[in-house]
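First the structure, in the form of structure tokens, and then the observations on it.
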Amino acid sequence: MPPAHTGAPVITGASTPSSPEPHSPGRPGYRRMSLALFAAGLATFALLYSTQALLPAVSDGFGVTAGQASWTVSAATGALALFVLPLSALSERFGRTRMMTCSMVVAVGVGLLVPFAPSLEWLVALRAVQGAAIAGIPASAMAYLAEEVRPKALVGAIGLFVAGNSIGGMSGRIVTGWGAQLWGWRGGLLAVGLMALVCAVAFLVLLPRARFFRPASLNPRAVGRTVAGHLRDPLLLRLYGIGALFMTVFGAVYTVIGYRLVEAPFSLGQGVVGSVFLVYLVGTVSSAAAGQLVARAGRRGALYLAVTTTALGLLLSLGDSLWLILPGLVLITAGFFAGHAVASAAVSRTAKTGRAQASALYQSAYYLGSSAGGTLGALAYHASGWAATVGIALLAVLGVVSITLYGSHAARAERRRMLAPGARAAAAR
């Protein structure tokens, strides 16, 4: 395995022919970076949600309920949420690329052990370790991009990373679905582990070294002050809430949809259910286009469009026909990935210091939302069916709308406050 590049501090100032420039579209370094992080995003989502499309088979294999089987997903996302902040602090000291490399190696290694779990308890435990390992990738990747990419290209670069997430979520579910149909659910998990191994090799080979990283102290007090500062920032708090609520919708829908489709009146096979996740391609497009959407409609306008699209998809999914459910999933996926790309990019741009901690807090809220959505969605489905799961998701959508409306009101109030001294001065003259 090639050594990880952590980069070295650079001296800023006047540009010289030898001084590095941030990556921007059209440059070879930008393409290599985009491909590397695309591969990282693909492996991350493929591993993180590797059991989600297999939950009905896991339930049958271990003789457990939907709620119990859903812990194979919630344990991974919950561990990620808990470990993302401390691992982001380590990335401030040891480097973004080193942290991503170590996380990738451990996550893939555990992924190759997961198929051999002898019981549900062992499976949940291994998935928790895998989630903790994966935690080093998202926040470090966001901070790496914020440091290495020109500000105007940041939303697009993060959108490509999120697009890798969507492709990973799609391909992982398709691979596990058809693998389970051919070789059982354990064979499906092994197939996705091997796919992640290929992605990890591509990441290690392609990722450019960091040129603008400066090591920071691991002083817990300093980290605590940075985190406390982020938690006092009203805009960052709103963005964290938006990320958590969007992921609550996504976690609820995609944890439960497999159960709905394998049961009557659909009675689809495991491979066909896995293929349903081809709708993730829509998420790839919507996340990659998030930068253009923000440029045209503004951040809040893009969020309103994302939640409206998601809500329409949820309502469509209530139908008992695949001709309604599939378009509903398309809209839910498009809205979710667009909203996630907009909110995560806004976090990176808002935080002027401690970007890794700011991104880590977003990722923590985001994956706590996933754990909550997956568990609540499964419990609701077990108790009252798909309509109850949609009800949980719509409440989360309403939360996103409320936060965004409050943000719009706060922004208008701040503009009035800033303009008031000038208006008074003009009146006095």
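The values are calculated or read from the model by the stated rules, or taken from the named source; none is laboratory data. Please read these numbers as outputs of a predicted model, since none were measured by experiment. For accessibility, only protein heavy atoms count, side chains too; no ligands or nucleic acids. Shrake-Rupley method; radii C 1.70, N 1.55, O 1.52, S 1.80 Å.
Rounded to the nearest 10 degrees, the inclination of helix 322-350 to the longest alpha-carbon principal axis of the chain is 30 degrees. Rolling a 1.4 Å probe over the heavy atoms of the protein chains gives the range 112-248 an accessible area of 38 Å² per residue. Largest GNM mean-square fluctuation across ARG415, ARG260, ARG32, computed for the chain with C-alpha springs under 10 Å, falls on ARG415.
Give the Kirkwood hydrodynamic radius (Å, one decimal) of the range 277-344, defined as one over the mean of 1/r across all pairs of different Cα atoms. Taking the inverse mean of 1/r over all distinct Cα pairs, the range 277-344 comes out at 11.7 Å.
Solvent-accessible area of MET418, all protein chains in place: 120 Å² (probe radius 1.4 Å, heavy atoms, ligands and nucleic acids excluded). Solvent exposure of the range 24-91 amounts to 31 Å² per residue of accessible area, where only protein heavy atoms count and the probe is 1.4 Å. In order along the range 244-256, the Karplus-derived 3J(HN,Hα) couplings, from 6.51 cos²θ - 1.76 cosθ + 1.60 at θ = phi - 60°, round to 5, 6, 4, 6, 4, 4, 5, x, 5, 5, 7, 6, 9 Hz, and Gly and Pro are given as x.
Across the range 171-323, C-alpha contacts under 8 Å between residues 6 or more apart give a mean separation that, scaled by the residue count, equals a relative contact order of 31 percent.
Between the amide H of VAL149 and those of HIS23, distances stay under 5 Å, these residues lying 5 or more places away or on another chain, with hydrogens modeled in the peptide plane. Picking from ARG412, ARG355, ARG299, which is most flexible by a Gaussian network model of the chain using Cα springs under 10 Å? Checking each option, the largest mean-square fluctuation is seen for ARG412.
Rounded to the nearest whole Hz, the Karplus-based 3J(HN,Hα) values (6.51 cos²θ - 1.76 cosθ + 1.60, θ = phi - 60°) of the range 27-39 follow the sequence 8, x, x, 5, 5, 4, 4, 4, 5, 5, 6, 4, 5, with x at glycine and proline. For the chain, a Gaussian network of Cα nodes joined below 10 Å ranks TRP71, TRP183, TRP386 by mean-square fluctuation, and the top entry is TRP183. When the surface is traced with a 1.4 Å probe over the full set of protein chains, ASP233 keeps roughly 50 Å² accessible. Per-residue 3J(HN,Hα) values for the range 123-128, derived from phi via the Karplus relation 6.51 cos²θ - 1.76 cosθ + 1.60 with θ = phi - 60°, read 4, 4, 5, 5, 5, 5 Hz in sequence order (x marks Gly and Pro). Here the accessible area of the range 221-302 is 62 percent carbon and sulfur, with a 1.4 angstrom probe and all protein chains present.
Summary of the geometry: the range 353-396 and the range 138-156, compared by the centres of their Cα atoms, lie 25 Å apart. Given the Cα atoms of the chain, and with Rh set as the inverse mean 1/r over their pairs in the Kirkwood sense, what is Rg to Rh to two decimals? The Rg/Rh ratio comes out at 0.99.
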